[in-house]
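First comes the structure, then the notes that go with it.
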Amino acid sequence: MSTSLHHRAIEHLGTRIVAGDLPAGHVMLAEHLEEELKVSRSVVREAVRVLQSLGLVETTKRVGIRVLPASRWNPFDAQVIRWRLAGEGRGAQLRSLAELRTAVEPVAAELAAANAPEEIRRELLDVSHAMRDAGQSGDVPRFLELDIHFHSLLLTGSGNEMFANMVGQVAETLTGRTVHGLMPDHPRATALQWHVNLAEAIANGNPEAAREASDRIMRETISDMEPEWKNQPRVFVPVQRP
């Protein structure tokens, strides 16, 4: 099976479903997808299997491939996040991610200050200084790379494997903000310094200072991004009742 064809089929269908072009309840037939995408049945079958794993579709015998409502999607999957950031739901997705990070990263910073291995503490400090240099020089690709690495180290350094598994979501968030022109070429000097302060607090084993620095970064992020989600409706997922 061609990996590129497989990827193209997933991207084509996933993007259209998340954008609402294929609304909840819409039924597709495998033979029609073969014709539309100009791919084999095995490619369609594998693409549908991936979309099923993300909660975007379900297959029903003698009916077809049914698109599921947004409440069934896996909101933590990096692909779903990327597709949402590329569409009209960008603001709502940014808000959900920012609020999630605000709830998690300050705690992760506190835990990292108490528990991170020495090599992670040193690397965080090095990366924070490199981020400041890249931000001041306006090197956007380099800054994005370092920003992702910084927050990945922060989450991993917490010693909490569930926090560490949020690295993909954070990476998609930071990438999406950059790709869609929502990050300045030259980040504010205060924001750059706060990352250095956070790394220093972790390096020095100061949990309280680390949590405060991370909380400051995340609250500033929310303040900056709030116009993007103004008037965007919130998503209330139905509770699964016994």
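In this structure, does residue 82 turn out to be touching a Gly at 6+ places or on another chain (Cβ under 9 Å), assigned to a strand (DSSP E or B) and not β-branched (Val, Ile, Thr)? Considered against the rule, which asks whether it is touching a Gly at 6+ places or on another chain (Cβ under 9 Å), assigned to a strand (DSSP E or B) and not β-branched (Val, Ile, Thr), residue 82 comes out as no. Taking the listed residues 124, 56, 111, the one that is assigned by TED's automatic domain parsing to the domain that holds residue 7, buried (at least 16 other Cβ atoms within 10 Å of the Cβ) and of a type in the set (A, V, I, L, M, F, W, C) is 56, with no other qualifying. For region 227-242, taking the residues that are touching a residue at least 40 places away in the same chain (Cβ under 8 Å) and of a type outside the set (Phe, Trp, Tyr), the one that is nearest to residue 170 (Cα to Cα) is identified as 228.
Filtering region 64-122 to residues that are aliphatic (A, V, I, L, M) and under 13 Å from residue 54 (Cα atoms) leaves 67, 68, 70, 78, 80, 81.
Across region 19-48, what is the total count of residues that are crowded, with 17+ Cβ neighbours inside 10 Å and over 27 Å from the mean Cα position of the chain (by Cα)? Result for region 19-48: 4. Of all the residues in region 19-74, those that are in contact with a Gly (Cβ under 8 Å, 6 or more places away or on another chain), assigned to a helix (DSSP H, G or I) and farther than 30 Å from residue 96 by Cβ number 1. Among the residues of region 109-150, those that are farther than 16 Å from residue 197 by Cβ, within 21 Å of the chain's Cα centre (by Cα) and touching a residue at least 24 places away in the same chain (Cβ under 8 Å) comprise 140, 143, 144, 148.
The values are calculated or read from the model by the stated rules, or taken from the named source; none is laboratory data. This one's a predicted model, so the numbers in the text were calculated from it and none came from an experiment. Glycine gets a Cβ as well: all are built from the backbone with ideal geometry, and neighbour counts include every protein chain shown.
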